[in-house]
Amino acid sequence: MTRRLARPIMAGFIAFLLLLGCCLGASNSTIASSGQPQAPDEAKLKEILNDFEQYAGMGMDDWKVPGMAVAIVHGNETIYLETFGVTKVNSSDPVTSNTIFQIGSTSKAFTAALVAMQVDAGKVNWDDRVIDHLSDFEMYDPWVTREFTVTDLMAQRSGLPAHTGDDLVALGYDRDYLVRSLRYTEPETSFRSAYAYQNTLFLATAKLVENLTDESWEENVQKKIFQPLGMSNSTVDMKSFQQAEDVAYLHQIRNGSVTALPMDWRYMDWVYIYGPAGGINSNIIDMTKWLRLQMHNGSFEGQQLLSENSTLYMHSPKTIVSPLASANSAYYCLGWVYRESKPYPIIWHNGGTLGHHTMVAFVPQADIGIVVLSNIDSELPESLAYRFFDLYFDNPTKDYSAVALDQTKMIENQTIASYPKQLISHEPALPLERYVGNYSDQIYGKINISQVNESLVATAGPGNVKIFLAPWNRDTFSITEPELSDQKGFARFQIGPDGQANSLEMIGGVFASKTAFEKEA
């Protein structure tokens, strides 16, 4: 994870799009006399699945993935379902078809589907202004507030900096606070001019659904999606995940080794506070049912849960993600991504939490789709999905996993290279009492810097998160939060004419975005 807390709900999204743009090219799909690609026969399919399974095993070794579950659906039939590895590193408990995983940002499509149901019911339109349904919705620019539509909430074109507010959850702020914080966040680009991935806007989307239905987002997902689809093992809360009998533990790479996180880990609630953007728990069997609903334009076993028009609207491009000149141009839809490919476009979305990673992808024209669930945050699930589609459509195969792994390592090295340099003859810090005090920011609230023995400790947010500061170079300190990760962050103090610190900038660790705090008088 190169963005600490901000990236996991959508870990690797941009990196993987870059990967696809650079390594995908024209395909050589088998074409029938009608001009349409032929589905592989039984013998060929067996060969494809054998190749795929070997590739999956090698990828798990390369990415140090403890456990994984994979299903491939053709039409209404699951033609492949396999589980790999263990639920917890250094244990013998195997992943099964019932093992529960966090599905991360693939949850966004569930939230979009709830909106679609309200559109189908005539309670809202895609182009309605948000403020006509959420009177307290407010962006930084009054004009943007007035013009923001229901579609804009889910199309990733808000103009905000990417991952706005993601780290607020780690500090203990709740959903309502995150949505309110949008009004204080200055835009980075013009409204609707550029793609920038957001989680917080899906919280506003959930509030809209709740206002229209007089039921919580959690109740809506349970009643309107899980129950009709028979997703009886899927849930939307932390307690259900923690208490599941067959559950995949969260894993992270710490000090070079795969580490299982305890079920009472301090930040376990992070993904559930962001529930409408990434907080669903599910297993591979239930996810095949969700996949079938999407592949068949809102229909499942004779029930039309979503209208075909609304389903196609959710799957249709809204915002350009990757360059149009690319053979594999990508567009964000509503909780889905549309990618040009041969012989047909692919509809997909991935999802990363603080210890799991998921990929859901399908090709509507070929009635084929895949789900990959894994218990560490890596880009292997995406690599497997695209490898399968290449094999299935007889495209030239690429080693997506190797390319993504190289790119991940490159980004990690670039991150390390960006750290402030600590010279051998670095200057010592000032007497620590000169940095002590309360600092505040309009969005991030108050942070207290105190001296504990010969060190500084920052206490931040409603969660009273403890962050430890160690001297790095004069007024720059390295920061760590041991329960979060072993990655570095930095605190930089500005010293006033009186020799006392008067402001503080935090970046890294809990603070995924560079954040400036002013010292209180």
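The values are calculated or read from the model by the stated rules, or taken from the named source; none is laboratory data. Since this is a predicted model, take the numbers as computed values, not measurements. Note that each Cβ is placed from the backbone with ideal geometry, even for glycine, and that neighbours are counted across all protein chains shown. What goes into the accessible areas is simple: the full protein's heavy atoms, side chains included, and nothing from ligands, DNA or RNA. Shrake-Rupley method; radii C 1.70, N 1.55, O 1.52, S 1.80 Å.
For the stretch 367-382 and the stretch 466-521, what is the separation of their Cα centres, given in Å? Using only Cα atoms, the two centres lie 37 Å from each other. Between the stretch 93-117 and the stretch 288-322, what is the C-alpha centre distance in whole Å? Between the Cα centre of the stretch 93-117 and that of the stretch 288-322, the gap is 15 Å. Amide H to amide H distances under 5 Å link Phe517 with Leu504, Glu505, Met506, where only residues 5 or more positions off or on other chains count and H is placed in the peptide plane. For the stretch 176-184, putting each phi into the Karplus relation 6.51 cos²θ - 1.76 cosθ + 1.60 with θ = phi - 60° gives couplings of 4, 5, 4, 5, 5, 5, 4, 5, 9 Hz, in residue order, rounded to whole numbers and with x for Gly and Pro.
Near Val247: Cβ cut-off under 10 Å, other residues only, Lys/Arg at +1 and Asp/Glu at -1. The net charge is -2.
Ranked from highest to lowest mean number of other Cβ atoms within 10 Å per residue, what is the order of the peptides 76-87, 157-168?
157-168, 76-87
With contacts taken as Cα pairs under 8 Å at a separation of at least 6 residues, the stretch 64-184 carries a relative contact order of 15 percent.
Measuring with a 1.4 Å probe in the full set of protein chains, what accessible area per residue, in whole Å², belongs to the stretch 47-172?
Per residue, the stretch 47-172 has an accessible area of 36 Å².
With semi-axes defined as the square roots of five times the eigenvalues of the C-alpha gyration tensor, the equivalent ellipsoid of the chain measures 39, 27, 21 Å, largest first.
Solvent-accessible surface of the stretch 401-521, taken per residue with a 1.4 Å probe and all protein chains present: 51 Å². Think of it as helices only: each DSSP H run of n ≥ 4 in the chain is worth -39500 (n - 2.57), and spread over all residues that comes to -8500 deg cm²/dmol at 222 nm. Here's the list of aspartates and glutamates a cross-link from Lys88 could span, going by alpha-carbon distance under 17 Å and ignoring same-chain residues fewer than 8 apart: Asp61, Glu245, Asp246, Asp264, Asp377. Accessible surface calculations at 1.4 Å, restricted to protein heavy atoms, place the stretch 276-378 at 25 Å² per residue. Per atom type, the chain shows carbon and sulfur on 48% of its accessible surface, probed at 1.4 Å.
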